[in-house]
Amino acid sequence: MDTVVLLAITGLGLAALYFLVASGLSLIFGLMGVLNFAHGAFLTIGAYGTWWASDHLPGAGSTGWGFVSAVAFGVAVGTLVAALIELALIRPLYERHIEQVLVTVGLSLALVALVRAVWGADPHPFPRPEWTQRTTSVLGANVPNDRFLLIGSALVVLVAVLAFLRFTRFGLIIRAGVENRAMVTALGIDVRKAFTLVFAIGGAFAALAGALGGIYLGSISPGQGTSLLIFAFIVVVIGGMSSITGAAVAAVLVGLVQQFANYYAASGVGDLSVVLLLAVVLLTRPSGLTARVA
Amino acid sequence: MRTGGLNGTALRRLLPLVVFVVLAVLPYSTLQLPGLFDGVLNSPGTLQLLALCLIFGGVALSYDLLFGFTGLLSFGHALYFAAGTYVANLALTELGWGLAPALALTTVVGIVLPLLVGGVALRVSGIAFSMVTLATAQVGSIIVLQDPGGLTGGEEGLALDRDQVPDAFVGVLNTVNVYWLAVAYLVLVYAVVSWVTGSRAGRVWQAIRENERRVEVLGLQPYGFKLLVFVLAGLLAALGGVVHLLLLGGSTPRTTTADFTLGLLVMVVLGGAGSRWGAVLGGVLYTYLDSRLTDLANSPAVQDLPAWLRIPLSEPLFLLGTLFILVVFFVPGGIAGLVCRLRERRAGRRSGDGGPTPGRVVEQLRDQVGAGMGGGQPRDGV
Amino acid sequence: MSAPLLRMTDVHVRLSGSHILQGVDLTVRRGGVTALLGRNGAGKTTTVKAVLGLVPSTGVVEFTGDDGRTQRLSGRRTHEIVRRGIGYAPEDREVFGGLTVAENLTLAERRDAPAHHDRVYELFPELKQRSRQLAGTLSGGQQQMVAIARLLLNDNQLLLIDEPTKGLAPLLVAEVADVLARAAEEVTILLVEQNLTVVRRMATDAVVVDQGRVAWSGSAPDLLADADRTRELLGVATSGGHA
């Protein structure tokens, strides 16, 4: 029983990471039709930003509020980089989706290589606040606290982004734009502002995932974002390409399947099951689990 | 004017042959090209690098068959290349087979694997297709890294047992033979691609790229044609994997990664999607730059630079990624597109190989990639 | 009046290899309803989209607003064109199915001017009752009301309305025509319409496009009075209702 609980909570923690990356990808794809390969680089930037700040930024550190400000710094850098990339490299290629995807491919290679050039290819130990290193007993299982941090953060993000989509004008524009971008502009709305916004939001979430992933794994390396990105892509497709709630459901599904299969079958089988899951979903429901944005 | 045009066309027809002859006799040259290569042309190190470039020229062309000629944006082409190197390696090293049966086994796998994956992936189109190919390639990567039964060697890679390889392909002194093998591989891929793209199937592929629905209206089943090109491209990549194995004397898990496929995409776009020689040139150039930039990064000239210059210069992928973005922005159609435009400007308007100029391939794809992505896909047509 | 409200000069549109508009020249007079007529595939919808910048085009589109200033619309982005005071109701209504009726209207509000929700709800009381319903669950007629409501929410100077009665039951056709006739008292309309009864009732001017060019333009009543010419240009008899 306690193994099941531990596996379930760990699976949900993994799902939280997937969701943070996939939600931004879904918003960007839904609104702009761009599959953002640079998203993994945003994650790497967030992780390295947090790691760098915990050592170098005044007021930031590796415990308590100092760590919170380090994470805030990492997220801010990720957000800024994402917004700048949209403005400088994606926007000039307006409506030219293939070129936009190609640019994000180039960015994914270049940005990760740059991080590797600056901080090396080897993993760095990531600061882990003391609370996250302890465990909490849940139904007899000793669950590491970092799992709760991951799940809690993802829940906060989920609620916040749904509220944003439902109750703000920008949210309204994004929901409408996912349905029919051209008609939004025909109502006199400059939809490109929403493009920059979803890139910034996506960058922020991915950077947060980078920092949380650093805590979860205990170390960071430049290629981490890319490997997580592939599973996030799978989550996005299963979730219906442009749906936030779909991404959340798919993330939970993928996280749990992966954890349980990796434990009960053999290491690696979980990853394979996830791919199988993707194939099954695509073949039975080609549009994914859900097709609405919120 | 007219005869000039004919001569030009004839010359262009002959050019691949000229390139082939130059490549074939190149190992007899002791030319020293300072800056371009470290040793003389026929030194083993230079031949090794050249062979690598030629292999990737061929693999890039096989990818272009999918992306440039048919408009299928696969993110999993690495799987077939990796299958080629690992299957041949396992047959030689684990099973102790000779090169010929190993090659036969690789050919079978090189047909069956893309047949299975393509059979499933091509049921969906657009981005969903890209994702299924990406995910299945990831399966290959996971399996190789998990090292089941100690077969694949995991992260370390798998060294080739050279006892089973004909002596002609073993040892530094025989690098030249592997080089000729690489030339032969490239010629094979080029000939096959030239032949199939000129055939009826090739015209259907082009029609699929331009407008898949129109192909359906004509009463043809795009699925079968797409599966055919998927399998053919996979097989050509797998054969490239075998040559790569012989050249490097082992298999590396790097060839299974998504980054490897993205590298192929970069090569093709760099050289010119939808152009045969463009894709080959892209593959050669990318591989050459990747290797030379690594040497450059370790050279004293770069090591002595201030940090802000030295750090970006020390990562070939940073430079190549940046170059790629610049090409997407400023050189639509890659090198082939550039040459095509220059030629048109010089000769007035005259079309190239009969097909669209390479630069237009991406434009045509642009209209289509939206189609068939599934429910959440935004509609552009008001 | 001096300059027409809208003037298109030598407008060409090429889409995926086909030359759809081949040099359209037309003007829309200030006040009144200009009907844009023509057979299916003649280029009516594309003409409207070219005004809005929704399709890439060459040529000149000029707009002379109530302030008397003439501005070039061609080359501008769609949202900028629309903000000059041009409302658009597309052929297939294109309301946002995943948004409620109220959200559809809120989205259509322009931020720089007051929106007239009261006017809209007075015209379409049914929309008020259904304001919290998802637009995707409305009937075709109700969706058309939402599409027209989006137009009338703002103070526009020109409305581009593409086949507002397409696929509607006869009773609804009359209702939509009533609303448009009321709107026409205050604002200029460029109307794409196949239903000649509706055209006959509202249109003051007519422009007929054929194979991507303007084949005829002039007074709408004159055109419809000449049965032979109508048949020749539109391929329909004038007595009939639907084309």
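Any read-out appearing in this document is the output of simple, stated calculations on the displayed coordinates, not a laboratory observation. Treat the numbers as computed from the prediction; the structure is a model and nothing was measured. Positions of Cβ are generated from backbone atoms using ideal geometry, with glycine treated the same way; all protein chains shown enter the neighbour counts.
Quick one: Kirkwood hydrodynamic radius for the range C:94-151, alpha-carbon pairs, angstrom, one decimal?
11.1 Å
Quick check: the distance between the Cα centres of the range A:78-93 and the range B:257-282, to the nearest angstrom?
25 Å
Could you calculate the FRET efficiency of B:Gln164 with B:Phe329 from 1/(1 + (r/R0)^6), where r is the beta carbon distance between them and R0 is 56 Å, rounded to 0.05?
Calculated value: 0.70.
Grab every C-alpha pair in the range C:130-182, bin the distances at 10 angstrom width from 0 up to the longest one, and report whole percents.
22, 54, 24, 0
Can you give me the Cα centroid spacing of the range B:187-237 and the range B:136-170 in angstrom?
32 Å
Taking 8 Å as the Cα distance limit and 6 or more residues as the minimum spacing, I'd like the relative contact order of the range A:149-222 as a percentage.
Taking the mean separation of contacting Cα pairs over the length of the range A:149-222, I get 21 percent.
Peptides A:210-216, C:68-74: what's the order by average Cβ count within 10 Å, highest mean first?
Ranking, from highest mean packing down: A:210-216, C:68-74.
State the Kirkwood hydrodynamic radius of the range A:104-175 in Å, one decimal place, computed from all pairs of distinct Cα atoms.
16.3 Å
In what sequence do B:Ile335, A:Ile238 fall when counting other Cβ within 10 Å, fewest first?
The most exposed by this proxy come first: B:Ile335, A:Ile238.
For the range B:1-147, restrict the atom set to alpha-carbon positions and state the Rg and Dmax in Å.
Over the range B:1-147's Cα set, Rg and Dmax evaluate to 20.3, 63 Å.
Take the Cβ-Cβ distance between A:Arg169 and C:Glu186 as r, set R0 to 35 Å, and report the resulting FRET efficiency rounded to the nearest 0.05.
Here the calculated transfer efficiency is 0.80.
Between C:Thr100 and residues 5 or more places away or on another chain, which pairs have amide H atoms under 5 Å apart, with H built 1.01 Å from N, and which residues are they?
C:Ala135
For the pair B:Arg203 and C:Arg200, how long in nm is the line joining their label points, each one 7 Å along Cα→Cβ?
Reported label-point gap for B:Arg203 and C:Arg200 is 5.2 nm.
Give me C:His19, A:His56 ranked fewest to most by other Cβ atoms within 10 Å of their Cβ, as a rough exposure proxy.
Lowest to highest Cβ neighbour count: A:His56, C:His19.
Just subtract the alpha-carbon distance of C:Asp10 and C:Tyr121 from 0.36 nm times their residue separation and send over the number in nm, one decimal.
Computed gain between C:Asp10 and C:Tyr121 is 35.9 nm.
Could you size up the charge dipole of chain A around its Cα centre, putting +1 on the beta carbon of Lys and Arg and -1 on that of Asp and Glu, and report it in debye to the nearest 20?
Once rounded to the nearest 20, the dipole reads 620 debye.
On each of the three principal axes of the Cα atoms of the range C:134-243, give max minus min coordinate, whole Å, ordered largest first.
Between the extreme Cα coordinates on each principal axis of the range C:134-243 lie 46, 29, 25 Å.
Taking only DSSP H segments of four or more residues, each worth -39500 (n - 2.57), what value at 222 nm results for chain A once the sum is divided by all its residues, to the nearest 500 deg cm²/dmol?
Estimated from H runs of four or more residues: -25000 deg cm²/dmol.
Any idea what Rg and Dmax come out to for the range B:41-368 if you just take the C-alpha atoms, in Å?
20.0, 65
Take the Cα of C:Ser131, step 7 Å along the line toward its Cβ, and report every residue of the range C:85-114 whose backbone nitrogen sits under 15 Å from that point.
What the label zone holds, given the 15 Å backbone N cut-off, is C:100-109.
Out of all DSSP beta bridges with both ends in the protein assembly as shown, state the antiparallel percent to the nearest 5.
Of those bridges, close to 65 percent are antiparallel.
Which of the helices in chain A meet the span-like rule: DSSP H, Cα axial reach of 27 Å or more, Kyte-Doolittle mean at least -1.0?
TM-like helix candidates: A:2-32, A:64-85, A:97-119, A:145-167, A:191-217, A:244-264.
Under a 5 Å amide H to amide H cut-off, with H placed in plane at 1.01 Å, what residues pair with C:Gly23 once short-range neighbours are removed?
C:Val11, C:His12, C:Val13
Quick one: which residues, 5+ away or cross-chain, put their amide H under 5 Å from the amide H of A:Ile220? H built at 1.01 Å from N.
The answer is A:His124, A:Phe126.
Modelling each spin label as a point 7 Å along the Cα-to-Cβ direction, I'd like the B:Asn174/B:Glu216 distance in nm, to one decimal.
Calculated label separation equals 5.3 nm.
Could you work out the relative contact order of chain C, using alpha carbon pairs under 8 angstrom and six or more residues apart, expressed as a whole percent?
26 percent
At 7 Å along Cα-to-Cβ for each site, give me the label-to-label distance between C:Gln22 and A:Trp131 in nm.
Distance between label points: 7.3 nm.
With all distinct Cα pairs included, what does the Kirkwood hydrodynamic radius of the range A:2-224 come out to in Å, to one decimal, could you say?
18.2 Å
Kindly identify the range C:39-86 as rounded, prolate or oblate by the Cα gyration tensor criterion: order the square roots of the eigenvalues as a ≥ b ≥ c, call it rounded if a/c is under 1.5, otherwise compare a/b with b/c, prolate if a/b is larger, else oblate.
Cα axes put the range C:39-86 in the prolate bin.
Using only the Cα atoms of the range A:183-294, each taken as one equal point scatterer with no solvent, compute I(q) by the Debye sum, divide by I(0), and report log10 of the ratio at q = 0.12, 0.14, 0.21 Å⁻¹.
-0.53, -0.70, -1.24
I'd like the per residue volume of the convex hull spanned by the Cα atoms of chain C, given in cubic angstrom.
122 Å³
Helix-only estimate, please: 222 nm mean residue ellipticity of chain B, summing -39500 (n - 2.57) across DSSP H runs of length 4 or more and dividing by its residues, to the nearest 500.
So the helix-based figure for chain B works out to -22500 deg cm²/dmol.
Quick one: compute the contact order of the range B:41-368, relative version, from alpha carbon pairs under 8 angstrom and 6+ residues apart, as a percent.
30 percent
Of all alpha-carbon pairs in the range A:51-121, indicate the percentage at a distance above 13 angstrom.
72 percent
Calculate the tail of P(r) for the range C:27-66: the fraction of all Cα-Cα distances greater than 14 Å, expressed in %.
In whole percent, the share of Cα-Cα pairs in the range C:27-66 beyond 14 Å is 56.
How would C:Lys166, B:Lys226 line up from fewest to most surrounding beta-carbon atoms within 10 angstrom?
Arranged by neighbour count, lowest to highest, C:Lys166, B:Lys226 become C:Lys166, B:Lys226.
Treating each Cα of the protein assembly as shown as an identical point scatterer and ignoring solvent, apply the Debye formula and state log10 I(q)/I(0) at q = 0.10 Å⁻¹.
For the protein assembly as shown, the Cα-only Debye profile gives -1.19.
Evaluate E = 1/(1 + (r/R0)^6) for B:Val21 and C:Ala215, where r is the Cβ-Cβ distance and R0 equals 56 Å; express this FRET efficiency to the nearest 0.05.
Efficiency for this residue pair is about 0.35.
With bins 10 Å wide starting at 0, give me the P(r) of the range A:16-80 over every alpha carbon pair, in whole percents.
All Cα pairs, binned at 10 Å, distribute as 23, 42, 25, 10, 0 percent.
Would you mind pulling out the separation of the Cα centroids of the range C:73-113 and the range B:68-107, in Å?
The distance from the Cα centre of the range C:73-113 to that of the range B:68-107 comes to 55 Å.
Using θ = phi - 60° and the Karplus curve 6.51 cos²θ - 1.76 cosθ + 1.60, what whole-Hz ³J(HN,Hα) does each residue of the range B:72-86 get, with Gly and Pro shown as x?
Karplus-based 3J(HN,Hα) across the range B:72-86 equals 9, 8, 8, 10, x, 5, 4, 4, 6, 4, 5, 4, x, 5, 6 Hz.
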